[in-house]
Amino acid sequence: GVGMGMTAPVSITAFPAEDGSFQQKVKVSLRIPSQFQDSPPCPTDESIKIEERQGMTIYSTQFGGYAKEADYVSYAAKLKAALGSDAAYQKDSYLCNGYDPPMKPYGRRNEVWFVKE
């Protein structure tokens, strides 16, 4: 019953298919604001889960604009190429992050994260 407003980033866990495109399954994660961290509200929808994200080391790339699936797939491919074959990171999923509300037309920030193993 309490509004929490926009949180950033909105993080989508993508599970890439062999061609790099997203599979049907994605997980959308929203940061719980600081004042609710110690005692998060209980979701009333069974499909919503509270998870604690552990600290991680990531490989990241950043880009602007209104990000679509094709943009995340493209930048993930570029990041993969830049890292080469020696970098150890989780290959079964990666994170797509957006930091801006939909009504912000300029200076948008998006990122692709590969989680280091």
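The values are calculated or read from the model by the stated rules, or taken from the named source; none is laboratory data. Keep in mind that this is a model prediction, so the values were computed, not measured. Cβ coordinates were reconstructed from backbone atoms using ideal geometry, including for glycine residues, and neighbour counts include every protein chain displayed. Ligands, DNA and RNA are stripped out before the accessible areas are found, and what is left, the full protein with its side chains, is counted by its heavy atoms. Shrake-Rupley method; radii C 1.70, N 1.55, O 1.52, S 1.80 Å.
Probe radius 1.4 Å, ligands and nucleic acids ignored: give me the carbon and sulfur share of the accessible area of the chain as a rounded percent.
So the carbon and sulfur contribution to the accessible surface is 52 percent.
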For TYR89, residues with placed amide H under 5 Å, excluding near neighbours: GLU117
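Give me the percent of Cα-Cα pairs in the chain that sit more than 21 Å apart, rounded to a whole number.
For the chain, the fraction of Cα-Cα distances above 21 Å is 44 percent.
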Candidates GLY64, GLY84, GLY55: whichever shows maximal mean-square fluctuation once the chain is modelled as a Gaussian network with Cα springs under 10 Å: GLY55
Simple label model, 7 Å out from Cα along Cβ direction - ILE50 to GLN62, nm: 3.2
Alpha-carbon centroids, segment 50-117 and segment 1-40: separation in whole Å: 13
Cβ-placed point charges (K, R +1; D, E -1), dipole of segment 65-117 about Cα centre in debye, nearest 20: 180
Hydrodynamic radius of segment 19-73 per Kirkwood, over alpha carbon pairs, in Å: 14.8
Where segment 41-82 is the region considered: accessible area per residue in Å², 1.4 Å probe: 79
Sites ALA70 and SER39 - FRET efficiency at Förster radius 30 Å, r taken between beta-carbons, to 0.05: 0.15
Loop sites in segment 1-71: GluC sites (Glu not before Pro), DSSP, at most 11 other Cβ within 10 Å: GLU18, GLU46, GLU51, GLU52
